[in-house]
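Right, one structure below, let's go through it.
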């Protein structure tokens, strides 16, 4: 089994190794290439318009072995809006396993997403007379052209694109055109502009200006004529449309807390119920956008990197001491004499809690620890090169501070993931739950490597009441790296979206390596804990604008308690998120 993914940069170690293997495959499969022809791919990815093309690398790989078995380099011209396939190659011994075909179909789908007017690339001639050396190479050329012809891609005819650069040159390549859709024609003026761009940007160092002008002016037919099919009996329209819409590229990696339902509080009014997860899961599975993966176990030290060790040990110890189906609610708080915590563990709950409605029970630690494992697993997939991941967890986490729990939250999943990912660069946390993300604010308040941004109901009317004011901007090195958008009790969708765009502008200026979104659906119309009226359409639009940031993103589930609509809102949010990211 193999998967295909897009390499966005050369920063992560997993991407650096994939680029190295891709360069090696291309050099091995194209004997005439020099190392300099593919060397510098990393720089092109970091500076994608180096050749006035946006350079994009796709790799087919066996993830478990970190083995690249195929690669494609696509160049996109956003002005003329065409794509040029620079290289497509598979490792020796795997071409018969469908890797090349899967890569080409992936590239075609990507070109369609760019709304490209066509896909161009070069192929050596399928004639022994035109390509006599090295001996037998024309057979490989026949195989390539036969393959591409299945998609309706054919060499351009009646032009001088094969004009030798100097007398005696042989094996001059065809320029092949794939219209990407059945029946698409290539207009003369557009073809001339595209060919001029290809020759000047790719071959400008070896092709004199006069040569380029001659080739460009040789395009006389309108529409441009393509060579008649030679190898496939099926019509281009029949075959080239067979894969459209069938491939979901860059899935959202989904990690579900499979032990969340052991934490089930049945008291009247306790809205943080297990049905929230099943309703979300039922709806998002309809999109086909997700690839579900199991959570891995991570050591407790990752929790203690963020939460005070005594607090973690207390949660673990008190949960283990309680009988089944017995919940303890904090009710005594250390306003005075906080230095003398009670010896009775159940009474001591108020020493570590910020409210009276978040219980401790036998399964709270186990469920919360599993939620952390899920979140770190989802974060780990970003480090493997995936671009979107979703930790569908409960209990939530964004109200948990360094040594306090509350608001149904025990451990701060987002903050723990931020610390885990921060080894590789700056992190931004965007909290779009209705309630202020006081946990990550308090944890990172004096740090400048994690930007914390929260859009929430004003603390004058919304939990947790004592934090979330606009004046709270960080302290010490962290001053200016905490941003609160505290909004009124009744706002409309347009006002919310303007605020969201302001928040995203700040995140863009920060230029984080990863974005963590604390996702709450309690901003929805009719939610019992909120006062706003966002609809499923609003969640789609909000997801889309977040996706268009183009930052590797981890979504962590927080609140949302109107169970009848939570799944529909989730489906719309993730559809928008995926579409937005694909537009980047």
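Determine if the range 147-161 includes at least one residue that is surrounded by 16 or more Cβ atoms within 10 Å (Cβ to Cβ), touching a helix residue (DSSP H, G or I) at 6+ places or on another chain (Cβ under 6 Å), assigned to a helix (DSSP H, G or I) and modelled with pLDDT of 90 or more. For the range 147-161, residues surrounded by 16 or more Cβ atoms within 10 Å (Cβ to Cβ), touching a helix residue (DSSP H, G or I) at 6+ places or on another chain (Cβ under 6 Å), assigned to a helix (DSSP H, G or I) and modelled with pLDDT of 90 or more: absent. Restricting attention to the range 250-269, the residues that are touching a residue at least 24 places away in the same chain (Cβ under 8 Å) and touching a helix residue (DSSP H, G or I) at 6+ places or on another chain (Cβ under 8 Å) add up to 12.
Based on this model, can you work out whether residue 163 counts as over 23 Å from residue 98 (Cβ atoms), in the same structural domain as residue 85 (by TED's automatic domain parsing) and over 34 Å from the mean Cα position of the chain (by Cα)? Considered against the rule, which asks whether it is over 23 Å from residue 98 (Cβ atoms), in the same structural domain as residue 85 (by TED's automatic domain parsing) and over 34 Å from the mean Cα position of the chain (by Cα), residue 163 comes out as yes. Scoring residue 284 on the criteria (1) at pLDDT 90 or above; (2) outside the structural domain of residue 420 (by TED's automatic domain parsing) leaves a single failure, condition (2).
Give the range 551-575 a look and list any residue that's out of contact with any strand residue (DSSP E or B) (no Cβ under 7 Å at 6 or more places or on another chain) and farther than 23 Å from residue 374 by Cα, or say none. Selection gives 564 alone.
For residue 471, are the conditions met, namely being closer than 19 Å to residue 506 by Cα and either surrounded by fewer than 12 Cβ atoms within 10 Å (Cβ to Cβ) or not assigned by TED's automatic domain parsing to the domain that holds residue 559 (or both)? For residue 471, the condition - closer than 19 Å to residue 506 by Cα and either surrounded by fewer than 12 Cβ atoms within 10 Å (Cβ to Cβ) or not assigned by TED's automatic domain parsing to the domain that holds residue 559 (or both) - is met. Given the criterion assigned to a helix (DSSP H, G or I) and either crowded, with 20+ Cβ neighbours inside 10 Å or not assigned by TED's automatic domain parsing to the domain that holds residue 489 (or both), identify the matching residue among 571, 537. Testing whether each residue is assigned to a helix (DSSP H, G or I) and either crowded, with 20+ Cβ neighbours inside 10 Å or not assigned by TED's automatic domain parsing to the domain that holds residue 489 (or both) leaves just 571.
With respect to (1) within 26 Å of residue 537 (Cα to Cα); (2) assigned to a strand (DSSP E or B), the lone exception for residue 398 is condition (2).
Of the numbered criteria (1) more than 21 Å from residue 404 (Cα to Cα); (2) out of contact with any strand residue (DSSP E or B) (no Cβ under 8 Å at 6 or more places or on another chain), the one residue 465 fails is (1). Looking only at residues in the range 426-439 that are in contact (Cβ under 8 Å) with a residue 60 or more places away in the chain and in contact with a helix residue (DSSP H, G or I) (Cβ under 9 Å, 6 or more places away or on another chain), the one that is surrounded by the fewest Cβ atoms within 10 Å (Cβ to Cβ) is 426. Annotation: residue 126 fulfils all but one of (1) at pLDDT 85 or above; (2) over 30 Å from residue 170 (Cβ atoms); (3) touching a helix residue (DSSP H, G or I) at 6+ places or on another chain (Cβ under 7 Å); the unmet one is (2).
Applying the selection to the range 75-93, what residues are farther than 12 Å from residue 116 by Cα and free of Cβ contacts under 8 Å to residues at least 60 places away in the same chain? Talk me through it step by step, then tell me what you get.
The initial filter retains those residues of the range 75-93 that are farther than 12 Å from residue 116 by Cα, namely 85-93.
Once the filter is applied, which keeps residues that are farther than 12 Å from residue 116 by Cα and free of Cβ contacts under 8 Å to residues at least 60 places away in the same chain, the range 75-93 yields 85, 88, 93.
Rundown of residues vs (1) surrounded by 19 or more Cβ atoms within 10 Å (Cβ to Cβ); (2) more than 27 Å from the chain's Cα centre (by Cα); (3) in a strand (DSSP E or B), yes/no style:
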position	(1), (2), (3)
466	no, yes, no
522	yes, no, no
541	yes, no, no
545	no, no, no
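Only one of the numbered conditions (1) buried (at least 16 other Cβ atoms within 10 Å of the Cβ); (2) under 17 Å from residue 402 (Cβ atoms); (3) modelled with pLDDT under 90 is not met by residue 330, and that is (2).
Every listed requirement among (1) part of a helix (DSSP H, G or I); (2) under 37 Å from the mean Cα position of the chain (by Cα); (3) more than 21 Å from residue 107 (Cα to Cα) is met by residue 211 save one, (2). Among the residues making up the range 440-462, a single one is surrounded by 23 or more Cβ atoms within 10 Å (Cβ to Cβ) and more than 25 Å from residue 420 (Cβ to Cβ): 457.
The values are calculated or read from the model by the stated rules, or taken from the named source; none is laboratory data. Keep in mind it's a predicted model, so treat the numbers as computed, not measured. When we count neighbours, we look across all protein chains shown, and the Cβ atoms used for this are built from the backbone with ideal geometry, even at glycine.
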